[in-house]
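Q: The structure's right below; bear with me while I get my questions together.
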Amino acid sequence: MNVALFPDVVVNGETIPSAAVAAEAQNHTGPRDKPGIAWRKAAQALAIRALLLQEARRRGLVPDPMELAPGRFETDEEALIRALLDEALTIAPVTEETVRDEWAKDPARYRSAPLWDVSHILCACDPRDNEERAAAEARATALLAKLDGDAKGFAAAARESDCGSKASGGHLGQLGPGDTVPEFEAALRKLDEGGVSPAPVLSRHGWHIIRLNAIAPGQVLPYEAVRPKIAQALEKAAWARASRDFIETLAAGATIEGASLAPI
């Protein structure tokens with residue numbers, strides 16, 4: 001990213017150098033062909049941080065860093081922002097009625113984790129090696145083209161897998177959320193029972209051909225089991241709304257150059 005193409009951010013006369021925005025941009029996502037999006041997100045985040053710190057200092061707040069983990073403490077700036085939000089925001093308690101109303105909208109949303117019975121064929125490679133990755137993908141694509149579509153045909157093709165599961169026809173057994181790498185699980189969730197991934201799926205281990213043999217949907221959980229989770233989600237949403245409203249109030253009375261607080 002060419003920093004010279006992007007301006008400094010100025011919040012109420014306080015300058016945030018473009019170099020600082022460039023460093024912050026590494027923490028934000030954006031399309032590779034549109035680096036300006038990550039930059040705008042970074043500029044917005046730093047502008048909001050500056051607004052909050054200016055308000056905390058205006059109120060005379062003093063940082064009192066909390067211990068986040070053994071030996072790891074907040075920075076003074078993080079402590080100031082936390083103290084400001086604690087002082088400025090008033091969040092109405094989540095009532096039992098509110099929680100129950102949220103649950104009643106669709107009780108089926110709250111289920112235990114599903115179980116997937118899965119088989120796969122692995123064409124192993126180091127994804128960082130372009131030549132090796134391409135060769136493994138070609139091999140996986142050729143194997144996929146030979147599949148009959150049924151479990152028996154899949155098990156036969158799995159003899160060529162690079163995974164130890166080839167001894168059992170590629171069968172991995174029953175898996176739940178978090179039991180596999182994210183790329184594998186994301187592809188698995190898109191399959192219908194008995195379905196095979198339409199194209200090889202790349203993970204850190206190589207290219208996978210995935211078959212969802214069967215699925216056991218999670219059971220709907222009783223209200224009492226999910227009540228704490230719903231209450232926590234409602235409190236978090238209320239806090240986020242109140243924080244957004246507070247920042248908008250600060251921004252309305254501020255002079256900001258080089259950044260926009262509009263949604264990106």
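The values are calculated or read from the model by the stated rules, or taken from the named source; none is laboratory data. Computed from a prediction, not measured in an experiment: that's the story for all the values here. Note that we place each Cβ from the backbone using ideal geometry, even for glycine, and neighbour counts take in every protein chain shown.
Q: Name the residues in the stretch 116-129 that are at pLDDT 95 or above and more than 16 Å from ASP162 (Cβ to Cβ), would you?
A: Those that are at pLDDT 95 or above and more than 16 Å from ASP162 (Cβ to Cβ): TRP116, ASP117, VAL118.
Q: On the given criteria, is ILE91 of a type in the set (A, V, I, L, M) and touching a Ser or Thr at 6+ places or on another chain (Cβ under 6 Å)?
A: Answer is no for this residue.
Q: Separate question: Of all residues in the stretch 158-193 being touching a helix residue (DSSP H, G or I) at 6+ places or on another chain (Cβ under 8 Å) and at positive phi, which is surrounded by the most Cβ atoms within 10 Å (Cβ to Cβ)?
A: Among them, the one singled out is GLY170.
Q: Of the numbered conditions (1) under 24 Å from ALA242 (Cβ atoms); (2) surrounded by fewer than 17 Cβ atoms within 10 Å (Cβ to Cβ); (3) out of contact with any Lys or Arg (no Cβ under 6 Å at 6 or more places or on another chain), GLU14 fails exactly one; give the number of that condition.
A: (1)
Q: Could you run through the stretch 80-125 and say how many residues are farther than 30 Å from PRO63 by Cβ, touching a residue at least 24 places away in the same chain (Cβ under 8 Å) and not in a strand (DSSP E or B)?
A: The number of residues fulfilling the criteria is 12.
Q: Here is a follow-up. Of the residues that sit in the stretch 198-240 and are over 23 Å from the mean Cα position of the chain (by Cα), outside any strand (DSSP E or B) and small (Gly, Ala, Ser), which one is surrounded by the fewest Cβ atoms within 10 Å (Cβ to Cβ)?
A: ALA225
Yes/no matrix, rows are residues, columns are (1) closer than 23 Å to THR249 by Cβ; (2) touching a residue at least 12 places away in the same chain (Cβ under 8 Å); (3) surrounded by 21 or more Cβ atoms within 10 Å (Cβ to Cβ):
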residue	(1), (2), (3)
ALA47	yes, yes, yes
LEU51	yes, yes, yes
ALA56	yes, yes, yes
LEU61	yes, yes, no
GLU67	no, no, no
PHE73	no, no, no
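Q: Still on this structure, I have one more. Taking the stretch 26-46 on its own, how many of its residues are among the aliphatic types (A, V, I, L, M) and under 28 Å from ARG58 (Cβ atoms)?
A: Looking only at that region, the number is 4.
Q: Given the options ARG109, ARG40, ARG32, name the one that is outside the structural domain of TRP239 (by TED's automatic domain parsing) and modelled with pLDDT under 95.
A: Testing whether each residue is outside the structural domain of TRP239 (by TED's automatic domain parsing) and modelled with pLDDT under 95 leaves just ARG109.
Q: Continuing with this model, one more query. Return yes when ILE247 is within 26 Å of TRP39 (Cα to Cα), modelled with pLDDT of 95 or more and among the aliphatic types (A, V, I, L, M) and no when it is not.
A: yes
Q: Moving to a separate point now. Scan LEU80, LEU51 and give me the residue that is in contact with a Pro (Cβ under 9 Å, 6 or more places away or on another chain), within 24 Å of VAL11 (Cβ to Cβ) and assigned by TED's automatic domain parsing to the domain that holds GLU248.
A: Of the residues listed, the single one that is in contact with a Pro (Cβ under 9 Å, 6 or more places away or on another chain), within 24 Å of VAL11 (Cβ to Cβ) and assigned by TED's automatic domain parsing to the domain that holds GLU248 is LEU80.
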